[in-house]
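Just below is one structure, and these are the notes that go with it.
The values are calculated or read from the model by the stated rules, or taken from the named source; none is laboratory data. Quick caveat, the model's predicted, so the values are computed rather than measured. Counting neighbours? That spans all protein chains shown, and the Cβs are built from the backbone with ideal geometry, glycine included.
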Amino acid sequence: MCFRTCWKNCSKPVSCGKFRKVRVFFTWLIRATTARNSVCPKPRKEKWRSFVLHRNSIEFKVSARHALFTDPLTRIGGEKCSYHIPTYEALKGIAKSIYWKPTFIWVMDEVRVMKPIRTQTKGTKPLDFGGGNTLAIYTFLSDVEYQVRAHFEWNLHRPELEDDRVEGKHYAIAKRMLELGGRQDVFLGTRDCQGYVEPCIYGSESGHYDDAGELAYGLMFHGFDYPDETGENCLQARLWKPVMVNGYIQYARPEDCTIRKFVRAMTPKKFGKGRLRDVAQDATDLGV
C-alpha cells in the first residue's frame, strides 16, 4: 500500500503503525539523499555544452606565472601582445610535451579558464634581424590557470607506423607522463613562459568566469595544418571565431575551420621501422 492510500484510508494516521513506518522511511530517505549530495555534489550542468567523451581522453590542469599566446597582428611591429585565451595550437603543444609520437595526433576538445584574465607588460631584449639585441615591450598574461580536456587520434597519413597503433599502451603512457608532470618542458605560448601540468577532474572546483555569460572574441588564430597531418605538401594557418561561455571554450576541430591562409611549402618527415622506438618497448620500460 502506498503512502497516499495509507493516509486516505487511515482514521488515525498519527498513531497508525503503517503511517509511522512510512514516515520513518521517508525521513531516512530525505536525510540520506541530503547527506550524499552534500558530500558528492552533482557537477554543474550547462545546457549549451555538448561533447563526446572519448575513451582515450586526458584531463589536466596547466598553470604558469606568465603566458604569451601571441596575436599575429602584433608580430609586425616587433612588440608582441597576447590573446586573452589560449589558442588550440598552444594547448596542443602542451599535450605533445606531456607525451607524443608521430603515430597519433592530439585533438583539443575543450578548455576552461579558471583565473581572472590579467595582462602585464614587460621589457625584453629580443634578437634583432640584423644581429644583436633590440628593445621591445611584450604584453603577457599574468597568473594563468586552465583546465583542459583532449584526446588523441591515429595519424592516418603515416601508414608506415600502423604497427605502432596500440591504443591501450599509448593511453597508459600518456596518463603516466601526465602524473609525472610531462615528458618534456611545458610552456605556454613561448619558451619564456614555463608552465606546470597535473591531472585534474575537468569541471571541478570553482572558476572566476562560472557565471560570466557569453563572450565572443572575433577572428583568432586556431592552429597550423602541418603536411604530416594533412597529407599536403604545404603549411597553412587556420582561423576561427571562439566564444567563451561561463569560462568554457569548445574548440572547433581542425577540419571544421573554414578560414585558412597558405604560409609556405613544406614536406613531411618520414619515419619507418628502425627510426622510431616501439610503443611496447616504451610501455615495458615504464612498467605500464
Hits in the range 120-157 - residues which are under 27 Å from ASP71 (Cβ atoms), assigned to a loop (DSSP other than H, G, I, E, B) and either modelled with pLDDT of 95 or more or touching a Pro at 6+ places or on another chain (Cβ under 9 Å) (or both): THR134, LEU135
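Does the range 235-254 include one or more residues that are aromatic (Phe, Trp, Tyr) and modelled with pLDDT under 95?
No, the range 235-254 contains no residue that is aromatic (Phe, Trp, Tyr) and modelled with pLDDT under 95.
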Flag if GLU160 is more than 16 Å from ASN56 (Cα to Cα), acidic (Asp, Glu) and outside any strand (DSSP E or B): yes
Residue count for the range 63-119, restricted to those that are polar (S, T, N, Q) and not in a strand (DSSP E or B): 4
Output for the range 256-288, where each listed residue is surrounded by 13 or more Cβ atoms within 10 Å (Cβ to Cβ), part of a loop (DSSP other than H, G, I, E, B) and out of contact with any Pro (no Cβ under 6 Å at 6 or more places or on another chain): CYS257, LEU276, ASP278, VAL288
Residues located in the range 204-255, provided they are of a type in the set (Asp, Glu), outside any loop (DSSP other than H, G, I, E, B) and within 22 Å of PRO72 (Cβ to Cβ): ASP225, GLU229, GLU255
Number of the condition not met by TYR196 [criteria: (1) among the hydroxyl-bearing types (Ser, Thr, Tyr); (2) at pLDDT 95 or above; (3) out of contact with any strand residue (DSSP E or B) (no Cβ under 7 Å at 6 or more places or on another chain); (4) surrounded by 13 or more Cβ atoms within 10 Å (Cβ to Cβ)]: (3)
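Against the definition (within 22 Å of ILE98 (Cβ to Cβ) and either assigned to a strand (DSSP E or B) or aliphatic (A, V, I, L, M) (or both)), how does GLY182 come out, yes or no?
no
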